[in-house]
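The values are calculated or read from the model by the stated rules, or taken from the named source; none is laboratory data. The structure displayed is predicted, hence computed values, not measured ones. Using ideal geometry, Cβ is built from the backbone for each residue, glycine included, and neighbour counts are taken over all protein chains shown.
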Amino acid sequence: MTQENVLDALKNVTYPGFTKDIVTFGFVKDVLVNGTTVGLTIDITSSADEVKAQLRDEASKELQKLGFTDININVKAPQAPKQMSNSVSGKNIAPHVKNFVMVSSGKGGVGKSTTSVNLAVAMAMQGKKVGLLDADIYGPNIPRMMGVQDQKPEIQGNKVQPLKAYGVEIMSMGSLMEPGQSLIWRGSMIMKAIEQFLRDILWSELDVLVIDMPPGTGDAQLTLAQSVPVTAGITVTTPQEVSLDDSRRSLDMFQKLHIPTAGVIENMSGFICPSCDTESDIFGMGTTAPVALEYDTELIARIPIEPAIRIGGDTGKPVTYFQPDSETAKRYQAAASNLLAFIDKVQAEGGADNQAIQPTTPPGVSACSTGAGAASAPAAEPTNKNHEGCGCN
Ligand SMILES: Nc1ncnc2c1ncn2[C@@H]1O[C@H](COP(=O)(O)OP(=O)(O)OP(=O)(O)O)[C@@H](O)[C@H]1O
Ligand SMILES: [Mg+2]
């Protein structure tokens, strides 16, 4: 038996959540064959134990089929993400969180919060340590959707303990304010709030922090991307053309902010009738995949309109947790697996890096007075027009 035989056999092992196999991904290394003995490394640098176990199992089976009796597979341990320091440039101000997922959309009301909640709950159900940060400072909905709207977080010194529900750590401006109160804040205050949510909340050593963004592409998105290396961006959209136009802006923002794009979730995609279970087309369906392709990414999930999703949001009982056998819960679980595999891939390739979008103005010099952008990313430009992004108001 030869190295080629081994590689051919391992092409039958696909990377969890992807259609590609581990040989095509380039994860198989150092193959040594000696009679019926084989040794090799699978270098996925994954943080997920179950991914490692699954790959080791499947690879062993394939090699046994070839006739090897002595099989040594080394699945390589994860590399630490690249930017794990509180550096002066503020590249990672929450270094104990392994991965950050930004859930974004160009348009309001398309289901970002609903998606964030259900993805976070699904990943926690899959055994991950998950946090959910509501970065929608003006319109915080996460406390209600997670059923913690009546709880107040505990303050410890000058830090705040996150709330917890369904295995997920939670923080939201809504949990720090009185119900019904509004915030009338300038952009610079929003930026401060986002930084504090990352730095001053006592998050555990999380595998993933899911961040529910306000709609659009503005101060909150830019601040987040400059403060921590965002591992994965997800754009939520509904299938109508008008919504897709806005999604392109969201996908373009990920590219400008150097955020690896995990993909697009098409929400309110068809309607599942609660009485007869048939699926009908309301806003259209399947319009999103071509847009995802334009930005070199893919459709991660199609989530139908389902009354149970809205009721789950209103009552603080996420459908993924409370109706795990429903079609929708299965789709959220599949999307979560997909996302975790994407995160592994990003880490395997060296991790996310926000160096290129750090502010370029020297300390003490206002970006407004120099006429320079607050960051080298073109996304900063609209922000500066009203002097909100540079903090000089
Ligand atoms: N697939 C779905 N089926 C039924 N209802 C849904 C679905 N997705 C979202 N909803 C409902 O639609 C409303 C808007 O959703 P959500 O609050 O998640 O949107 P959003 O994008 O976060 O909005 P905003 O931009 O205001 O933050 C909520 O009442 C939610 O329960
Ligand atoms: Mg929302």
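Figures for the structure shown
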read-out: Out of PRO162, PRO140, sole residue that is within 10 Å of ligand 2 (Cβ to nearest atom), surrounded by fewer than 24 Cβ atoms within 10 Å (Cβ to Cβ), touching a residue at least 24 places away in the same chain (Cβ under 8 Å) and not aliphatic (A, V, I, L, M); value: PRO140
read-out: Filter result for LEU163 (at pLDDT below 90, closer than 21 Å to VAL117 by Cα and not polar (S, T, N, Q)); value: no
read-out: Subset of region 248-271 (residues that are closer than 15 Å to ALA301 by Cα and touching a residue at least 40 places away in the same chain (Cβ under 8 Å)); value: ALA262, GLY263, ILE265, ASN267, MET268
read-out: For ALA334: the one exception among (1) surrounded by fewer than 20 Cβ atoms within 10 Å (Cβ to Cβ); (2) at pLDDT below 50; (3) outside any loop (DSSP other than H, G, I, E, B); value: (2)
read-out: Strands (runs of 3 or more DSSP E) contained in region 88-195 and holding at least 1 residues within 16 Å of ligand 1 (Cβ to nearest atom); value: 99-104, 130-134, 168-172
read-out: Residues satisfying the stated conditions in region 218-236, i.e. within 16 Å of ligand 2 (Cβ to nearest atom), closer than 17 Å to GLY263 by Cα and either aliphatic (A, V, I, L, M) or surrounded by fewer than 24 Cβ atoms within 10 Å (Cβ to Cβ) (or both); value: ILE234, VAL236
read-out: Checking ALA122 against (1) free of Cβ contacts under 8 Å to residues at least 12 places away in the same chain; (2) buried (at least 24 other Cβ atoms within 10 Å of the Cβ), the condition it does not meet; value: (1)
